[in-house]
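The structure appears below as structure tokens.
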Amino acid sequence: MNVLADFYAAHSKLIDQVGIDALLALSLSISLQAGQLALAQAAFMGVAAYISAILALDAHWSLLPAMLVAALCSTIVAGLLALPVRRLRGIFLAIATIAFGEIVRIVANNLTISGGAEGLSGIPADATTPWIYGTLVVVSIALWLFSRTKFALAIALVREDENAARGVGVDVGLVRFTTLAIGGTIAGLAGALYAHSNFFITPADFGFGRMEQILVWCVIGGITSPLGAAIGAALLTILPEAIRFLADYRDFVNGAILLVVVLFAPQGLAGIRFGKRG
Amino acid sequence: MKAALELDGVTIRYGGVQALANASLEVAPGRVLGLIGPNGAGKTTLINATTGIVPLSAGRVRLGGATISGMAPHRIARAGISRTYQNIRLFGALDVFANLSAGAFARPGRLDAAHAQALLERAGIRHLKLDARAGALPYGDQRRLEIARALAAEPAILMLDEPAAGMNPTETAHLVDTIRAIAASGIGVLLIEHDMSLVRAACDNVVVLNFGEVIATGTPDEIVADPAVIEAYLGTESV
């Protein structure tokens, strides 16, 4: 037990970050399963992070209500974003959602309430490891239950062929809206936990770099597998620490892994591990 | 008794091009209506208009007396119209069972393995394994799986867009039996097909389109003897 306690004491920050990153990967995975390259997860995360931080700092809310309200707000933001982009596909959807993310970052950079470029500090660090992994477990169970519904089948059908999906009675617009909104909820939970486990947040925490990370986790793990995406996030969050001895070559190794997976295992780690197709 | 499909004066214009001009027809429950004509005559456009993929420029589509034109494609599918595609549009990365489940998406409840097997039997592909990947099946099996998927919706109307394309004569002969059995279950079938032997064997009535206009309607025997149809489509040696 002492070994475990020592390990946790030495790596608690990394362990917490793995849980939060796994949530972020799950949030994007939902949209990718529907074939939507909607890249606004960092923005949803940021919205929720700021709202939960402001509620904690200015209104002295505790973690749970602040997190729930923040996730609700990020869900609404995702739903509002889903409306204007509902007719966009592929690269056009990606560009539009990235642009939205940049708008959110710039707004946070310029508002007084969000602390401008310096961000907010002094956020209560009450998102402990049990909170983070408890949330991850709840979200995972919810997604597992969701995967057993007919709506999950509709998501797969939309990814495969939107027109054929319409032909069997699937409301493609509803699928696209719902997947983005669910992704907004999960990213919001991750954002609130991030704010409450990092003491301070700045707009740079929620920019394109973060979004790029989340996408890479999903590609490495498997874009149609939530489990794969979460594993990809965990591995790539741990990897930089595990290869710290490589110093400046760490980014090179990260890039090489991505290249190898895309070239030789386009289904990601989930495809290798479980032989999963589609 | 299932509902009848009625097209009344359906017109489709793409800019200055008129793909369908005042087309009217009726698909009755338990009957097979053939839809033939040269390439570009507007046959697939008629199916796309009926299923809501293409908006109508004029006219009306009714199912069981209720107007369905103007409804979203998924609502029309839920109302009871299923279709297959000229170019097969199975969910190729998914397995046979998932494709059949997709077909039953609009129905209450979940498809079970026994029902899925019954659908395969109905489409003449009982040999298929439910966990086989749809995109890896032989071409003829994919065509029939598309029919099975359409039947999974328990439709009032089934629209088949060149279902025999790419099939050999034996498979085509079996397809006639399949289509007749589907109609015998009370479903109205609209069959687009170029193979006149299939049309004559499977259809109760035939509508002929040319340049978007209905130029003839009648029984298969009447159609093959119609001079206007012979000149526009069949030619003098095809019958």
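Looking across A:Ala125, A:Ala156, A:Ala108, A:Ala94, one residue alone is of a type in the set (A, V, I, L, M), part of a loop (DSSP other than H, G, I, E, B) and in contact (Cβ under 8 Å) with a residue 12 or more places away in the chain. It is A:Ala125.
The single residue among B:Gly16, B:Gly30 that is free of Cβ contacts under 8 Å to residues at least 12 places away in the same chain, surrounded by fewer than 22 Cβ atoms within 10 Å (Cβ to Cβ) and either farther than 27 Å from A:Ala165 by Cβ or under 17 Å from the mean Cα position of the chain (by Cα) (or both) turns out to be B:Gly16. For A:Gly173, the criteria (1) crowded, with 19+ Cβ neighbours inside 10 Å; (2) within 14 Å of chain B (Cβ to nearest Cβ) hold in every case but one, which is (1). Taking the range A:189-278 and the helices (runs of 4 or more DSSP H) fully enclosed by it, the elements with 1 or more residues that are within 14 Å of another protein chain (Cβ to nearest Cβ) are at A:268-274.
Looking at the range A:49-64, can you tell me whether even one residue there is touching a Cys at 6+ places or on another chain (Cβ under 8 Å) and either farther than 30 Å from A:Asp171 by Cβ or buried (at least 22 other Cβ atoms within 10 Å of the Cβ) (or both)?
Taking the range A:49-64 and keeping what is touching a Cys at 6+ places or on another chain (Cβ under 8 Å), we get A:51.
Right, trim to either farther than 30 Å from A:Asp171 by Cβ or buried (at least 22 other Cβ atoms within 10 Å of the Cβ) (or both) and you get A:51.
Yes, there is a match, as at least one residue in the range A:49-64 is touching a Cys at 6+ places or on another chain (Cβ under 8 Å) and either farther than 30 Å from A:Asp171 by Cβ or buried (at least 22 other Cβ atoms within 10 Å of the Cβ) (or both).
Just one of B:Ser57, B:Ser69, B:Ser82 is hydroxyl-bearing (Ser, Thr, Tyr) and more than 21 Å from B:Val214 (Cα to Cα); which is it?
Working: B:Ser57 fails: more than 21 Å from B:Val214 (Cα to Cα); B:Ser69 fails: more than 21 Å from B:Val214 (Cα to Cα).
That would be B:Ser82, the only listed residue that is hydroxyl-bearing (Ser, Thr, Tyr) and more than 21 Å from B:Val214 (Cα to Cα).
Restricting the first member to the range B:95-110 and to residues that are under 11 Å from A:Val170 (Cα atoms), and the second to residues that are charged (D, E, K, R) and assigned to a helix (DSSP H, G or I), the beta-carbon pairs closer than 6 Å and six or more apart or on different chains are B:Gly103/B:Arg149; B:Ala106/B:Arg78.
Every number here is computed from the coordinates shown, using simple stated rules; none is lab data. Because the structure is predicted, anything quoted here is derived from the model rather than measured. Neighbour counts run over all protein chains shown; Cβ positions are idealised from the backbone, glycine included.
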